[in-house]
Amino acid sequence: MKMSNRMRSRWIRQNWLSAALLTTFAAILVWQLFLPGFIGIADSGDFPRVAGWLCLWPKDTRVTFTYFQPDYIWSASRFWASPYHSSETVLGWLAIHLAGATHEGARFDIRWLGGLHVVICLAGLATFLVAMKNHSKPAQAILGAIPLLLLTDVCYAALLNSFYMDAAAFCGLLLMAGAAVWISVASAPRIGQLAAFFTAALLFVTSKTQHAIWFFFPALFLVVSGLRMRSRRPFLASLGMAAIVVGGGVYMIHTADQAYKGQAMFNLLFSRIGAQGPTAMPDLLKLGVRPDEARYVRTNSYTPGSPMRSPQFAEEFYDRTGFPKLLRWYWRHPAKTFRLVRNSLLWEEQIMRPNNLGNFRIEDGYGPGARTDAFRVWSDMRSALFHLAPWYLPLWYVLFAAGCTVVIWRRSPVSSRLAWLALGIAALGAGEFIVSNLADCLDMARHLLIFHACTDLTICFAAAWAVERVALKAENRWPGKQPASMSAGAASS
């Protein structure tokens, strides 16, 4: 018993800070998503793509854009074999079974799904904190507090109470990043660590086609991590995991709904390139638009009277236009492309929060489309900075990539692995930015969610590097008086 008490005391001394950080992270999300006055985010029309598979429909009259609706009814008559496939549907299936909402007339509160999202996010932070356990307590506090403050912003939290596919992608990204840091600081990865990363990678890659195209990032990480394992069987297991991630990504790309791609193409051609009016027609004709379709200039797929309401027309429209033609146009007109992207982003008041989606329920008494003012400091600050100096984002990415390159060049094994990881996250963020801007032009704040999350993760890595540098300088100045910090903590170095 004495030994047990001693071990318990030792465990508390070692883990009380991590427990406090996790508790605080959970408390902030619980405050926003579950307690009275809880928030979520309104349906833009995408919820049925997931909820249809689950036989769910809003309990009250369905509204879009203006109000958040958390209450749903299960009914077999509401089943829809949606052409959209997503890991978010799997999370929704698990949520309705946990809630017991699987029979006719059963009520389902979306907070069950929000709870699953929160658990995955907590797991991501927990794996990161485990990787940082050998740091001094002050360093752990700083390293844990930064993601806690950045990633509980309402721009991320509100999405967790929703059926948006990006919710699964965000949760998968956080768990993937935490597990990757955990693997990178280990002298030899364990199969359990790889399994955690694999689960997160599969959740991310199969969430949405927009994210599926990056399947090679996590697959490559699994292969490289497997090469560091000390026996043949775990290495083969890592190869198998990588193959499944690749398969999941290829499946998502292959089964992408052609009509949805047609809608995105219609928006890009007529709403973005066509924003300049009839003078855009020469460019549109080269991209496959017919002369009689000039009347759709300055409209989008959701404008009343749009032909995109017909799936057959949407598929035919994509067949004669298509992203390959559009990419060639972007390549030949870089100045025009830059102006189009810049103008669409600067038009948004908030670059990290959807400006057209409300956070409150009808019964909360707020006006249509009202958004919460709580927990918005970080997203407001980044939006204000973007409007003041939009060049800060590319500058940050260039500086961050240069810093990672310097650390890799120094060839410290652990720091180099973490620098490669940080560089991969930056590359994923840059890729998400490019695809979100060049492959669609509506709901930009929501489509850029993973880009913003990757950007915030690069900030976390950079902060970890700064903490590590300060700790090392302190150790060199006062040898023996400063708690040693783990060399891997330069995660971001």
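The values are calculated or read from the model by the stated rules, or taken from the named source; none is laboratory data. Please read these numbers as outputs of a predicted model, since none were measured by experiment. Every residue, glycine as well, gets a Cβ built from its backbone with ideal geometry; the counts of neighbours run over all protein chains shown. Remember, those area values only see protein heavy atoms, side chains included, never the ligands or the DNA or RNA. Shrake-Rupley method; radii C 1.70, N 1.55, O 1.52, S 1.80 Å.
General observations
- Accessible area of Trp465 (1.4 Å probe, protein heavy atoms only, ligands and nucleic acids ignored): about 100 Å².
- The distance separating the Cα centre of the stretch 36-93 from that of the stretch 186-200 comes to 33 Å.
- Residues in the stretch 383-389 carry Karplus couplings, in order, of 5, 4, 5, 5, 5, 6, 8 Hz; the curve used is 6.51 cos²θ - 1.76 cosθ + 1.60 with θ = phi - 60°, and Gly or Pro positions show x.
- Per-pair calculated FRET efficiency, R0 = 51 Å: Trp409 and Ser310 via Cβ, rounded to 0.05: 0.35
- Rg/Rg_ref, the stretch 155-200, where Rg_ref = 2.2 N^0.38 Å and atoms are Cα: 1.36
- The stretch 299-417 - Rg and Dmax from Cα coordinates, angstrom: 21.3, 61
- In this structure the amide hydrogen of Met229, modeled in the peptide plane, comes within under 5 Å of no amide hydrogen from residues 5 or more places off or on another chain.
- Largest to smallest accessible area among Arg233, Arg328, Arg111 [probe 1.4 Å]: Arg233, Arg328, Arg111
- Accessible surface ranking for Ile434, Ile39, 1.4 angstrom probe, highest first: Ile434, Ile39.
- Amide hydrogen neighbours beyond the local backbone of Phe108, cut-off 5 Å, H modeled: Tyr72, Ile73, Trp74
- Cβ-based charge dipole, the chain, positive-most Cα from Leu150, Cys454, Ala419: Ala419
- Once the Cα atoms are used to define both axes, helix 2-33 deviates from the longest principal axis of the chain by about 20 degrees.
- Overall form of the stretch 118-208 per C-alpha gyration tensor (a/c, 1.5; a/b vs b/c): oblate
- Given charges at Cβ of Lys, Arg, Asp, Glu: the chain dipole, positive-most of Gln193, Cys441, Gly431: Gln193
- Accessible area of the chain belonging to carbon and sulfur atoms, whole % at 1.4 Å probe: 67 percent
- Dipole magnitude for the stretch 33-103: about 120 debye, using +1 per Lys or Arg Cβ and -1 per Asp or Glu Cβ, origin at the Cα centre.
- Compared with the dominant Cα axis of the chain, that is its longest principal axis, helix 413-438 is turned about 10°.
- Distance between the stretch 99-131 and the stretch 364-415 - C-alpha centres, whole angstrom: 27 Å
- Stretch gain in nm, segment Asn356-Val377, where the contour uses 0.36 nm per residue and the Cα spacing is subtracted: 5.7 nm
- Sequence of Leu35, Leu148 from largest to smallest accessible area, 1.4 Å probe: Leu35, Leu148
- Which listed pairs, of Lys133/Lys208; Lys208/Lys286; Lys133/Lys473; Lys208/Lys336, have C-alpha distances above 27 Å, in listed order: Lys133/Lys208; Lys208/Lys286; Lys208/Lys336
- Dividing the Cα radius of gyration of the stretch 1-144 by its Kirkwood radius returns 1.13 for Rg/Rh.
- Heavy-atom accessible surface of the chain, averaged per residue, reaches 45 Å², computed with a 1.4 Å probe.
- Long-range Cα-Cα pairs in the chain (distance over 28 Å), rounded percent: 57 percent
- In nm, spacing of pseudo-spin labels at Phe65 and Phe216 (7 Å Cα→C-beta vector): 3.9 nm
- A simple rule links phi to the HN-Hα coupling: the Karplus curve 6.51 cos²θ - 1.76 cosθ + 1.60 with θ = phi - 60°, which for the stretch 146-152 gives 5, x, 4, 6, 6, 8, 9 Hz, with x for Gly and Pro.
- Solvent-accessible surface (1.4 angstrom probe) belonging to Glu363, in square angstrom, nearest 10: 120 Å²
- Value of D in µm² per second that Stokes-Einstein yields for the stretch 175-245, Kirkwood Rh from Cα pairs, at 4 °C (1.567 mPa s): 110 µm²/s
- Here the Karplus curve 6.51 cos²θ - 1.76 cosθ + 1.60, taken at θ = phi - 60°, turns the phi angles of the stretch 156-165 into couplings of 9, 4, 4, 5, 5, 9, 7, 9, 5, 5 Hz, with x standing for Gly and Pro.
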